[in-house]
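All of the numbers you see were taken from the coordinates with simple rules; none came from a lab. Everything numeric here is computed off the predicted structure, so don't read it as measured data. Heads up, the Cβs are rebuilt from the backbone with ideal geometry, glycines too, and the neighbour counts pull from every protein chain shown.
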Amino acid sequence: MRILGASHALRRLCLYSRRGYAAAVPQREFKKVMVANRGEIAIRVFRALSELNIKSVAIYSEQDKHSVHRLKADEAYLVGKGLPPVAAYLSIDQIIDTALEHGVDAIHPGYGFLSERADFARACNQAGICFIGPSPDVIARMGDKVAARQAAIEAGVQVVPGTSGPITAAKDAVDFAEHYGTPIILKAAHGGGGRGMRRVDKLEELSLYTNLIKYLHVEDSFQRALSEAQAAFGDGSLFVEKFLERPRHIEVQLLGMFERCSLVP
């Protein structure tokens, strides 16, 4: 999730609750906003909140107790005590409980961590806290890369060859590579930012023990991608796509403001 025109966008978001959200989230002006993130993105949102005269709340893991983002907020609270640093920022129940305990009106997820987790957006709404971001249904559709691929296919958009769902073992990746050829790439279904991805360039074609070597070669990439996805996003689901060597990346930003949607150059 990117910040575009932070002050203006956040001002609009802080005046109204998202339409289509649970009735538990009333329409109101925000007085206190939590950022469920750390580092630069948290600091940028804190700055925008300060400009809007809205109190800011930081969360931090035990390992981040001296981090700058904690000092830039009006209030800061420890979450995920005893957990590894990344896991602390994925502890949905503790984040929601902390927000409720300290009178938080809305939560901004930043990017990464919980920003593309539909269950987090839904938990916010059920707790009567506004989630500053897409609705849970949209996140479930787009935050899950497998579901996003399927949505594109249903809309008639061409996609790179890939598995129709998450894979459960390295053999699934081997079967895909044998059908479509290499290179292939293993991706985290709920990932982003280049994490939870492993490229596989070739399946070793040796006359003896070929199947075993193929399996071991892909198994290593599979386990590495799965572990990274689980650690970074709290979900180890992986899928496979054909890897394009020199693709062109064309991206258009869409900024939705309730009933309106604007193109951002």
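Note: relative contact order over region 54-96, using C-alpha pairs below 8 Å and six or more positions apart, is 40 percent. Note on region 82-172: percent of Cα-Cα distances in each 5 Å bin, starting at 0 and stopping at the bin with the largest distance, equals 2, 13, 19, 17, 15, 13, 9, 7, 3, 1.
What is the sum of charges around A123, taking Lys and Arg as +1, Asp and Glu as -1, for the other residues whose C-beta is under 12 Å from the C-beta of A123? The partial results should precede the final answer.
Working: positive: R117, R122; negative: D93, D97, D119.
Counting the neighbours of A123, the net charge comes to -1.
In terms of distances greater than 29 angstrom between alpha carbons, the cross-link table entries K31/K81; K55/K145; K65/K145 yield K55/K145; K65/K145. In this simple spin-label approximation, K31 and E178 carry label points 7 Å from Cα along the Cα→Cβ vector, and these lie 6.5 nm apart.
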